[in-house]
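**Student:** Here it is: the structure, laid out below.
The values are calculated or read from the model by the stated rules, or taken from the named source; none is laboratory data. Just so it is clear, the model here is predicted, and its values are computed rather than measured. Neighbour counts run over all protein chains shown; Cβ positions are idealised from the backbone, glycine included.
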Amino acid sequence: MKSEHADVVIVGAGAGGATLGAELAEAGAKVVFLEAGKDLDITYGSPDHFADSQMFFKTQQDGLFWHEQYTGRNWRTDMGECAGGGTTAYAGVLEESTPRDYIPPWPFSYEEFEPYIELTKKRYHVYRWPVEELSHYAQILNDAAGGGLVATASGFNREPYVEYGVYHDRCRRCRCCILGCRYNAKANALTIALPKARFHKAEIKPNCFVKKLNTNADMTKVESITYLQRTQNGAIPGDGIEDIEEKTITADKFVLAAGSMMTPMILHWSGQNGVALANSSGQVGKNLRGHFFRATYGVLDRQDVRTYQGNLVELNDGYQNFDKGYLLEFNMVAPPTYMGGMVEVMQTQDLVNMIGLPFKKLMRDYSRLVVSAPLVRSYDEGFTENSVLPHPDGKTNRYDLPLPHVTFEPNEQEAKWVEDAMEHAKTIMLKAGADPDRLLNGGVDVVHKVGTCRMGSDPTNSVTDLGGKCHDVDNLWISDGSRFPGPLLANCAFIIYALAYQIADSMLDRDIPTK
Amino acid sequence: MNRREFVIVSSAAFFGAMMGLPGERNGFAMASEAVQRLKSNPLGLDGPDPLPEITAAVNVLVPADPDIPGDFKGSDYNGDRVVAYVLGDMGQASAVGFLNKYAQETASKDFIDCNDDERLGTIQAIVLARAELEGDMRDLLTGLLTMSMIGTFENNSSEENEVLFESMGWYDPNDPAGTFRIPNEGYVDAQIFPVTLKKGLLK
């Protein structure tokens, strides 16, 4: 078994891992990323949506998750298994953080965290287009809503620049973000953080699946990580083509940044005698939360629109901050999302009847598609009944590791908001000219999953401290959405970036904030 | 994403999900492979000739739309040639055997002897039986369904495409740049979105 050493090993090169790793590498640390998916360069830009789709659903392809059926359907893991993580997918949405994000049980206030918020806005080029410059599609919706729509904040380059030896083009405002940025102007972990990390000699090891953190006997210190170096393109179960080599890497410090689904599982896989690592609080894998929603698909009864050419917009005026429980968004969707959504909302026989001519007609409607997926905020006081835990029946994945078993149910208030939001969205869609006979509602789904390793100052009910360090383990940090201690409001990527900067300062004993 | 890729990825997503493949698994894999091949060989004409059953299946899956003047069926766009190219001789033979098996069950005859309705019924029966299919067969069918859509909107002459695109509202023949019809006339972003249609790509 081969072994190597780094100052810091980071599991996962997504929003939390890449951002943190870049800061540590800049400070002189030898950083190694163990990334389960492919490596990508900055020019990826996802013009080829196959790549997005394959990587975004890769964890499901790998069969590494056991999906609890929710209302008869599977829900997605929302994991980007690639360099840049989930931030590589979709439209670069980077909703700004607001004071409403930091109500208890968040352990600090907006004002206390504001330096990192401002830093994130600057580094990730967060911007919101003025309403008068929104797309045609957005203006149609805005008219239908009686005004009040605003562009969703996103991360993109408004001016070209060169940084860390990489040229970043500017946004051309083609508004086809959802189909992948053709100009490489999207600001995300792949385009912003990883070039900086590479510039400072960080090493990204792709296709490395972490099996276990190896600790000392009392599980107070991580000594090494055991991981599987997989074939370049990964593998699809059943094909029998996967070539893996088990390796070990040692380090002084370790960071889990594998996301809110995998980070708790790695801690469970790394336990001893049935006790998960860093779990004296019993909170590892608990308190899973996210945004529930029911999508509504419609087709505008007009020919002068191309709805994939649209800003992602949301209704302001009391909704933007979830004051009424939900964020009313109107989405652009990529073809796979559209087609996948159609399958989700249709019964089997209806689907079969789609084969042939109906499918051609369905595809032609893509240009006129209008979609809303209003996000419902988590309604709890910091603790939920939802979780991602080792499968109770002992099911294992192909690496003989316990499968994650996910349970996710909206509570009564969340379920009500889901229905309220859907009806509100339908009202606006109809006013915008959607064909009333062609409105389809999806089942309840959930995105932006966070929680599962909540942070806090009390070790009896939290996994990490406020600086991201695990209470129970001297040299282990967590840098991803699993640290969220309470309800989240809008898109979580922004806060994950900001938390990563905070963790970097904590690990480096720097003054706050990062200069 | 150009029209071809759009068509393929949409088809892959739809049929992959329809077949119950987790994460639209191999539908995407096959679609991705097809796109890569087609980038260097847009027509796929150097592959094997399509077997008659493959051509028939493609035309059931991609019939001409009577509501669209100038619309074509799948083989008019060389969709069958692309399927043959992607599947290869062995894959074609396997697909034909598969089609015949279900045609016998649903219509008591081989697939090639069925009429269009019976052929459609055969493919629908296969999809309905997805839970009983071997993984390879599901993948094969997903591939066939997906690949059938390749070229649906591009493998024609420029003149033929213009008729089709204009009928579909996708193209303004008076636009000298050969771009999509600008959909936002009168709005602030009316001039921002010239997406090249790859007009005359194959010429």
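**Student:** When only residues in the stretch A:141-166 that are out of contact with any Phe, Trp or Tyr (no Cβ under 9 Å at 6 or more places or on another chain) and within 14 Å of chain B (Cβ to nearest Cβ) count, which is surrounded by the most Cβ atoms within 10 Å (Cβ to Cβ)?
**Tutor:** Residue satisfying both the conditions and the ranking: A:Asn142.
**Student:** Within the group A:Ser109, A:Ser3, which residue is modelled with pLDDT of 85 or more, surrounded by fewer than 21 Cβ atoms within 10 Å (Cβ to Cβ), among the hydroxyl-bearing types (Ser, Thr, Tyr) and more than 30 Å from A:Met342 (Cα to Cα)? It would help to see each step written out before you state the result.
**Tutor:** Working: A:Ser3 fails: modelled with pLDDT of 85 or more.
On inspection, the qualifying residue turns out to be A:Ser109.
**Student:** Picking from A:Ile225, A:Ile236, A:Ile241, which residue would you name as being within 14 Å of chain B (Cβ to nearest Cβ) and either touching a Ser or Thr at 6+ places or on another chain (Cβ under 8 Å) or modelled with pLDDT of 95 or more (or both)?
**Tutor:** Working: A:Ile225 fails: within 14 Å of chain B (Cβ to nearest Cβ); A:Ile236 fails: either touching a Ser or Thr at 6+ places or on another chain (Cβ under 8 Å) or modelled with pLDDT of 95 or more (or both).
Only one candidate qualifies: A:Ile241.
**Student:** Just to be sure I understand, how many residues within the stretch A:357-372 are over 17 Å from B:Ala13 (Cβ atoms) and at the interface with chain B (Cβ under 7 Å from one of its Cβ atoms)? Lay out the reasoning, then the answer.
**Tutor:** First, the residues of the stretch A:357-372 that are over 17 Å from B:Ala13 (Cβ atoms): A:357, A:368, A:370, A:372.
Adding the requirement that they be at the interface with chain B (Cβ under 7 Å from one of its Cβ atoms) leaves A:357.
Final tally of qualifying residues: 1.
**Student:** Let me ask something else about it. Does any residue of the stretch A:460-470 turn out to be buried (at least 22 other Cβ atoms within 10 Å of the Cβ) and polar (S, T, N, Q)?
**Tutor:** Yes; the residues of the stretch A:460-470 include at least one that is buried (at least 22 other Cβ atoms within 10 Å of the Cβ) and polar (S, T, N, Q).
Let's see how each residue does on (1) in contact with a Leu (Cβ under 7 Å, 6 or more places away or on another chain); (2) closer than 16 Å to A:Leu267 by Cα; (3) of a type in the set (Lys, Arg):
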| residue | (1), (2), (3) |
| --- | --- |
| A:Pro390 | no, yes, no |
| A:Gly433 | yes, no, no |
| A:Asp445 | no, no, no |
| A:Ser482 | no, yes, no |
| A:Pro487 | no, no, no |
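**Student:** Is there a residue in the stretch A:127-147 that is out of contact with any His (no Cβ under 6 Å at 6 or more places or on another chain), touching a residue at least 24 places away in the same chain (Cβ under 8 Å), assigned to a loop (DSSP other than H, G, I, E, B) and closer than 29 Å to A:Asp511 by Cβ?
**Tutor:** No: zero hits.
**Student:** Give the residues of the stretch A:464-515 that are among the hydroxyl-bearing types (Ser, Thr, Tyr) and at pLDDT below 95, sorted by residue number.
**Tutor:** Within the stretch A:464-515, A:Ser506, A:Thr514 meet the criteria.
Matching residues to (1) within 30 Å of B:Asp65 (Cβ to Cβ); (2) surrounded by fewer than 20 Cβ atoms within 10 Å (Cβ to Cβ):
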site: A:Tyr366; (1), (2): yes, yes
site: A:Leu369; (1), (2): yes, no
site: A:Arg377; (1), (2): no, no
site: A:Val388; (1), (2): no, no
site: A:Pro392; (1), (2): no, yes
site: A:Lys395; (1), (2): no, yes
site: A:Arg398; (1), (2): no, yes
site: A:Pro402; (1), (2): no, yes
site: A:Val418; (1), (2): no, no
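**Student:** Looking at this structure, is A:Asp445 in contact (Cβ under 8 Å) with a residue 12 or more places away in the chain, crowded, with 22+ Cβ neighbours inside 10 Å and closer than 15 Å to A:Tyr297 by Cβ? Talk me through it step by step, then tell me what you get.
**Tutor:** Values: in contact (Cβ under 8 Å) with a residue 12 or more places away in the chain: yes; crowded, with 22+ Cβ neighbours inside 10 Å: yes; closer than 15 Å to A:Tyr297 by Cβ: yes.
Judged against the criteria, A:Asp445 is a match.
**Student:** Could I ask something else about it? So, of the residues in the stretch A:269-285 that are touching a residue at least 60 places away in the same chain (Cβ under 8 Å) and more than 18 Å from the chain's Cα centre (by Cα), which turns out to be farthest from A:His471 (Cα to Cα)? Reasoning before the result, please.
**Tutor:** Here is the first cut: in the stretch A:269-285, the ones touching a residue at least 60 places away in the same chain (Cβ under 8 Å) are A:269, A:277-281, A:283-285.
Cutting the leftovers down to more than 18 Å from the chain's Cα centre (by Cα) gives us A:269, A:277-281, A:283-284.
Working: A:Trp269: 18, A:Leu277: 11, A:Ala278: 7, A:Asn279: 9, A:Ser280: 9, A:Ser281: 9, A:Gln283: 12, A:Val284: 12 Å.
In this case the residue turns out to be A:Trp269.
**Student:** Taking the stretch A:15-43 only, how many residues are at pLDDT below 90 and away from chain B (no Cβ under 14 Å)?
**Tutor:** Going residue by residue through the stretch A:15-43, those that are at pLDDT below 90 are A:36-43.
Filter once more, so that each one left must be away from chain B (no Cβ under 14 Å): A:36, A:39-43.
So the answer is 6.
**Student:** Also: Just the residues that are within 14 Å of chain B (Cβ to nearest Cβ) and touching a strand residue (DSSP E or B) at 6+ places or on another chain (Cβ under 6 Å), please, taken from the stretch A:94-130. Before the answer, list the steps.
**Tutor:** Going residue by residue through the stretch A:94-130, those that are within 14 Å of chain B (Cβ to nearest Cβ) are A:129-130.
Correct list: A:Trp129 only.
**Student:** Let me ask you something else. What number goes with the only condition from (1) modelled with pLDDT under 95; (2) within 30 Å of A:Pro160 (Cα to Cα); (3) surrounded by fewer than 23 Cβ atoms within 10 Å (Cβ to Cβ); (4) not β-branched (Val, Ile, Thr) that A:Lys186 does not pass?
**Tutor:** Unmet for A:Lys186, out of (1) modelled with pLDDT under 95; (2) within 30 Å of A:Pro160 (Cα to Cα); (3) surrounded by fewer than 23 Cβ atoms within 10 Å (Cβ to Cβ); (4) not β-branched (Val, Ile, Thr): (3).
**Student:** So which residues in the stretch A:302-324 are modelled with pLDDT of 70 or more and touching a helix residue (DSSP H, G or I) at 6+ places or on another chain (Cβ under 8 Å)?
**Tutor:** To start, the set of residues in the stretch A:302-324 that are modelled with pLDDT of 70 or more comprises A:302, A:305, A:307, A:313-314, A:322-324.
Across the stretch A:302-324, the qualifying residues are A:Arg302, A:Val305, A:Thr307, A:Val313, A:Phe322, A:Lys324.
**Student:** Do we find that A:Leu375 is more than 13 Å from chain B (Cβ to nearest Cβ), modelled with pLDDT of 80 or more and at negative phi in this structure? Spell out the reasoning first.
**Tutor:** On the way: more than 13 Å from chain B (Cβ to nearest Cβ): yes; modelled with pLDDT of 80 or more: yes; at negative phi: yes.
For A:Leu375, the condition - more than 13 Å from chain B (Cβ to nearest Cβ), modelled with pLDDT of 80 or more and at negative phi - is met.
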